[in-house]
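Here's the structure, in structure tokens; my notes come after.
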Amino acid sequence: MAAASRALSTLRLRTIPRLPSVIALSSRSNSNRTSVSHLHRQFYGRLYPVLLVKTDGSTIRLRYKEPKRILMLPLDSNTLPEAERKARLRRQFPSKPKAGPEDTFEGIDLGTYERFWKK
């Protein structure tokens, strides 16, 4: 009788498809283990709406490969009048502030500040 039941169980096991014995578990056990960082790719998968500003001030809405709000075309400084060219250069490269005279402690009455000193 035992031999018959063993034979039936082996037949049952061979005819019924088995489930995989090893179940693949996720390496992350909760949401606190993951972090979001910068996507390191040169080309984005979609095109983004961008406002293109031409040199004459007119604007065009277009789709661009990088997510930017405004694209400005470079201005050719050779076509500008001389006064405007100099004004733009002055705005772009401002002059350094001049150093003023250094303050000295000769004209200060130290008696007015004695109450702030620790004894």
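For the stretch 74-82, just list the computed ³J(HN,Hα) in residue order, Karplus coefficients 6.51, -1.76 and 1.60, θ = phi - 60°, integers in Hz, with x standing in for Gly and Pro.
x, 9, 7, 6, 6, 8, 7, x, 4
Could you derive backbone 3J(HN,Hα) for the stretch 54-65 from the dihedral phi with the Karplus parameters 6.51, -1.76 and 1.60 (θ = phi - 60°), listing whole Hz in sequence and x where the residue is Gly or Pro?
Here the 3J(HN,Hα) series is 7, 5, 8, x, 6, 10, 9, 8, 9, 9, 10, 6 Hz.
As a test question: what accessible area, to the nearest 10 Å², does LEU75 have when a 1.4 Å probe is rolled over all protein chains in place?
Roll a 1.4 Å probe over it and LEU75 shows about 70 Å².
The values are calculated or read from the model by the stated rules, or taken from the named source; none is laboratory data. Since this is a predicted model, take the numbers as computed values, not measurements. Accessible surface areas use protein heavy atoms only, side chains included; no ligands, DNA or RNA. Shrake-Rupley method; radii C 1.70, N 1.55, O 1.52, S 1.80 Å.
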